[in-house]
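See below for the structure under consideration.
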Amino acid sequence: VNGHPGQEPARVGTSIVDMGTGMWAALGVVAALRERDRTGRAVEVTTALFETALTWVSYHAAGFFGDGEVPQPQGSGTAMIAPYQAFPTADGYAMIAAGSDTLFRRMTDALGDPALAADPRFADNPARVRHRAELVALISALTQRLKTADVLERLRAAGVPAAPILGIDRVLEEPQTAASGMLLTAPHPRLANYRTVGLPIRWDRRRPGVRRVPPLLGEHSADVLTWLGYTLDDVRNLQTQGVVH
C-alpha cells in the first residue's frame, strides 16, 4: 500500500515497525503489571515485528474483508477520503485535508473555484473518491499557480486543515517544534552543541530530559564485560584480538 499508483513500492520513511513493536511491548508489559496487581498472577508478554506490521494495515484488511478489493497505493493520499493528500504548488507541496463536504466547499472557495463543489462528480466524499483522478488534476491546477505559503494562508483562513511538506531541516526550525519542547540538549564530552529529539510524552506537564548521551563504539565494553564476570585482563585480550572494541 506504500508508493504511488503504477510505480514501484516505497519504504515508509521511518522504521515504524521496529519502533511500533517496542511500543506494543511496553504497552503489553504495563497491562501485564496491572493484571498482576489485580489477580496476583504473572503473565508472559510476547509480540513480533510481523504482528506489528499486520496491525498497521488493519483498516486495509478490514476493507478487503468487506468488499474483496485489494487496496492500491495512494501516494500521499488515503483511499477512503478525497481530497486528502499533498498537492503541488509553485514552490513545493502542500498537504490538504478536506475530509468532509463542508471542508471541501471551503477549500474550493478559498482556492478560487467554487464551481468544483457544485460539480456532480464531486458532490460528496464517495463521489470524490470515485472521481479522484479528475479531482486531483483540477485541484493541482489551482494550487500550482500559488506558492505554498499562499495556499496555506488561504486554506487556514477558511478553516481547512493544511500544512507544508518540509524537509527535516525545516521541521526542526518550525515554531511548533520549538513550542513543543521536543528538542532537548545535554552536556556531551565530545560535542559542544548536542541536541536530540525527546519523548512525545509528558508526566505532570514535564518532559523527561536526557539521562546520558550515546556512547562511542566500545566505550562501555569494559563496564559491560566486567559486570558479566570477565576480568580486565580478559577484556584487554579480547580487544587485542579484535573480538570487541
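Please treat every number below as a calculation from the coordinates, not as lab data. None of these values were measured; they are calculated from a predicted model. For neighbour counting, all protein chains shown are included, and Cβ atoms are generated from backbone atoms with ideal geometry for every residue, glycine included.
Numbers at a glance
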{"item": "Per-residue ³J(HN,Hα) for segment 93-101, Karplus 6.51 cos²θ - 1.76 cosθ + 1.60, θ = phi - 60°, Hz, x for Gly and Pro", "result": "9, 10, 7, 10, 10, 8, x, 8, 5"}
{"item": "Label-point separation in nm, residue 44 to residue 216, each point 7 Å along Cα→Cβ", "result": "4.2"}
{"item": "Pairwise label distance in nanometres, residue 33 with residue 176, each label 7 Å out on the Cα-Cβ vector", "result": "3.1"}
{"item": "Sites residue 24 and residue 62 - FRET efficiency at Förster radius 22 Å, r taken between beta-carbons, to 0.05", "result": "0.70"}
{"item": "Full-stretch length increase - residue 245, residue 197 - with 0.36 nm per residue and alpha-carbon distance subtracted", "result": "14.5 nm"}
{"item": "Nonlocal amide H pairs with residue 90, under 5 Å, H built at 1.01 Å", "result": "146, 147, 148"}
{"item": "Stretch in the chain that is longest and holds no trypsin sites (Lys or Arg not before Pro) that DSSP places in a loop and that have at most 13 other beta carbons within 10 Å", "result": "42-144"}
{"item": "Calculated FRET efficiency for the pair residue 237/residue 205, C-beta based, R₀ 35 Å, to 0.05", "result": "0.10"}
